[in-house]
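The values are calculated or read from the model by the stated rules, or taken from the named source; none is laboratory data. Only a predicted model underlies this, so the values are computations on that prediction, with no experimental measurement involved. Quick reminder, even Gly has a Cβ in these numbers, built from the backbone with ideal geometry, and neighbours come from all protein chains shown. The accessibility values were calculated without ligands, DNA or RNA, using every heavy atom of the protein model including side chains. Shrake-Rupley method; radii C 1.70, N 1.55, O 1.52, S 1.80 Å.
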Amino acid sequence: VVRLGLRTVWQVALGFSVISNYRRGRCKKFDYDGYWSHSLASAVAAQRIARSTRLTAPEEAFTCGLLCQTGRLALACVFPEAYSHVIEAARGDEAELLNLEQSTFALDHREFTAAILQDWGLPVLWVTAARYQEDPDDPELPPDGAAGKLALLMNVSQLFGALCLALPHRRHALREQMAAQAARIRVARDEVFALGNASARDWTTWGSLLDIKTRTVPPLESIETESQTAEPRAAEDAETLRLLASTNH
């Protein structure tokens, strides 16, 4: 507490409390394991990037990375049946998900996240960064301000979380998006790879401590070579599963 300060310790404790209380729920189409795995990967990446760029305190970045998708979890908890239908109808399309959230609940998960973080007493700067981390180019968010830089930091960490859970043939595109966004907060490409590789190790370590599922992530610099053969292999795997299913029937 003396080293980090009471506010930072409280924020970190809040994050772990949310993990322990919302592992499971009644929303059938919401992937609780995937949600927490992605959130943890984003948190460790945000912490690493914050320490490297010195844009903010690493521990605060960890907490925001862990909680900046809380709106999705909240919708799943408060409206389990309705949100399950929304997720199913969106079919993995994020733009469609936002539209369906707005039409069904009169707000989307980004707005819900901001409202919750504000209610929990997180600093306004982090509330704003979380609100816009999925779209740091939103015209309402000045890109040269502190909130804009933190939104970009969060955006990079969220892309890393997506990369950790992505199928092999999708990793290359996500890695390139990460590098492009990180360059905007002056993180060089080689440093992005180094931070990503270190974050992958952190993800595995924290996952074992918190009982959150993780997986092996290849070194970021090797993903381009791997992705060239991953798509055909994925197609073969899908065909194998289809044949197995038809055989079982």
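Figures for the structure shown
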| item | result |
| --- | --- |
| Rg and Dmax [Cα atoms of segment 36-123; Å; Rg one decimal, Dmax integer] | 14.6, 42 |
| Most to least accessible of Thr214, Thr56, Thr205 (protein chains only, probe 1.4 Å) | Thr205, Thr214, Thr56 |
| Local net charge near Thr205, Cβ-Cβ under 13 Å (Lys/Arg +1, Asp/Glu -1) | 0 |
| Shape of segment 88-198, Cα gyration tensor, a/c cut at 1.5 | oblate |
| Overall form of segment 79-130 per C-alpha gyration tensor (a/c, 1.5; a/b vs b/c) | prolate |
| Check: segment 30-126 dipole with +1 on Lys, Arg Cβ and -1 on Asp, Glu Cβ, in debye | 520 debye |
| Cβ-placed point charges (K, R +1; D, E -1), dipole of segment 122-168 about Cα centre in debye, nearest 20 | 220 debye |
| Cα-projected label distance for Val78 with Lys213, points at 7 Å along beta-carbon direction, nm | 2.7 nm |
| Contour excess over end-to-end distance, with Cα ends at Ala95 and Arg26 and 0.36 nm allotted per residue | 22.4 nm |
| Extension gain, Thr205 back to Ser103 (0.36 nm per residue minus Cα-Cα distance, nm) | 32.7 nm |
| Accessible surface of Phe79 - all protein chains present, 1.4 Å probe, nearest 10 Å² | 80 Å² |
